[in-house]
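No lab work stands behind these numbers, since they all come straight from the coordinates. As the structure is a computational prediction, the values presented were derived from the model and not from experiment. Methodologically, a virtual Cβ is constructed for each residue, glycine included, from the backbone with ideal geometry; neighbour enumeration extends over all protein chains shown.
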Amino acid sequence: MHGTSGSFYQFIHIQEKTVLHCLWQNIDYKKGVKIIKLEEKDKLAGKVIRSFCVKCNNYTNHKIVSNYRIDDSEKIENGRYEISWYDDYQMILCLGCDTMSFKHDSSFSEDWDPETGGVNTIIYPKRKQKIPLELNHLTPEIDRLYREVIDTYNIGAYTLSAIGIRGLIEGICLAKNIKSGNVPVKEKGKNNVKKSNLEGKIYGLLQAGLISAMHVEILNELRWLGNSAVHEIEKPRIEQVDVALKIVESLLELIFGLEKKGQILKRFRKR
Ligand SMILES: [Zn+2]
């Protein structure tokens, strides 16, 4: 019995070695003939790229171990124009910690964006580039929206993140019962105008003493970011959303966290 299974495993071992050898040499192991057509798949193999590592939690050098490209093109309008597209499926290895990931780059000539170079990238396993901060004392609605903004950011849905960031500012105003504010008019001699839109509410936060004039300036910038995301469906850049998210996080800490900490301090004094 032992001898039989031993030779069986030996057989499997030889088979495995044969298959591996054939794969290595690009030989069809069943027919024993060399595959003539060299796949385009490994043109990018060996190339080193910068990518976010799920384990190092940072941008590190990655080696493309294997790449498989599928591309095609089509003539349109009686051959006057040509549209083209490609998909690159890659196995990439982090040169810092040896973690392997799967990367899918896709590009379509009619969807060319100068910001991204026209390439959309998805990496598996998903990269958790941002972990929600431990922001205490938020209202349940704001806490939920904040976590959703982080989720959309982490999957690269930056338009939705920008819209969510704008929603967080609206949420702060709602939680603090700020419904309007007096917006200054630039022309001399004119009085402030009471507005109940987001701009008005941001001034409302200032007039309620919750934020400073510097915050108003910064929040007005964020207001524009959310505006263009909603109305012009313009995809914001990761750097823009990154900064916007940091500003909103510090604002949430300022308005909800600091207030609570202040109350705790006061309680100590009363004892
Ligand atoms: Zn790594």
**Study point:** Radius 9 Å from Cβ of G181, net charge of other residues (Lys, Arg +1; Asp, Glu -1)
**Key:** +3
Practice item. Given the peptides 77-87, 210-220, arrange them by the average over their residues of other C-beta atoms within 10 Å, most packed first. Key: 210-220, 77-87
Review point. With r defined as the distance between the Cβ atoms of K47 and A157 and R0 fixed at 22 Å, what FRET efficiency is calculated, to the nearest 0.05?
Key: 0.20
Study note, to complete from the structure: Given pairs K130/K261; K126/K235; K188/K261; K179/K261; K130/K186; K179/K260 and cut-off 31 Å on Cα-Cα distance, the over-length ones are K188/K261; K130/K186
Point to revise | Virtual spin-label span in nm between Q263 and E82, 7 Å along Cα→Cβ | key: 6.7
Practice item. Between beta-carbons, use under 15 Å as the cut-off and find the net charge around I211, counting Lys and Arg +1, Asp and Glu -1. Key: -4
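Suppose R0 equals 41 Å. What FRET efficiency, 1/(1 + (r/R0)^6) with r the Cβ-Cβ distance, do R69 and R237 give to the nearest 0.05?
Details: r = 27 Å, r/R0 = 0.66.
My answer for the efficiency is 0.95.
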Review point. Hey, which of these cross-link pairs are over 25 Å Cα-Cα: K55/K103; K176/K246; K190/K246?
Key: K190/K246
Revision key, fill the gap. Neighbours of N197 by Cβ distance under 14 Å: Lys/Arg at +1, Asp/Glu at -1, summed charge +4
Review point. In straight Cα distance, which aspartates and glutamates are under 15 Å from K43, not counting same-chain residues fewer than 8 positions off?
Key: D71, D87, D88, D105
Study note, to complete from the structure: Given 253-261, 154-162, the highest-first ranking by average Cβ count within 10 Å works out to 154-162, 253-261
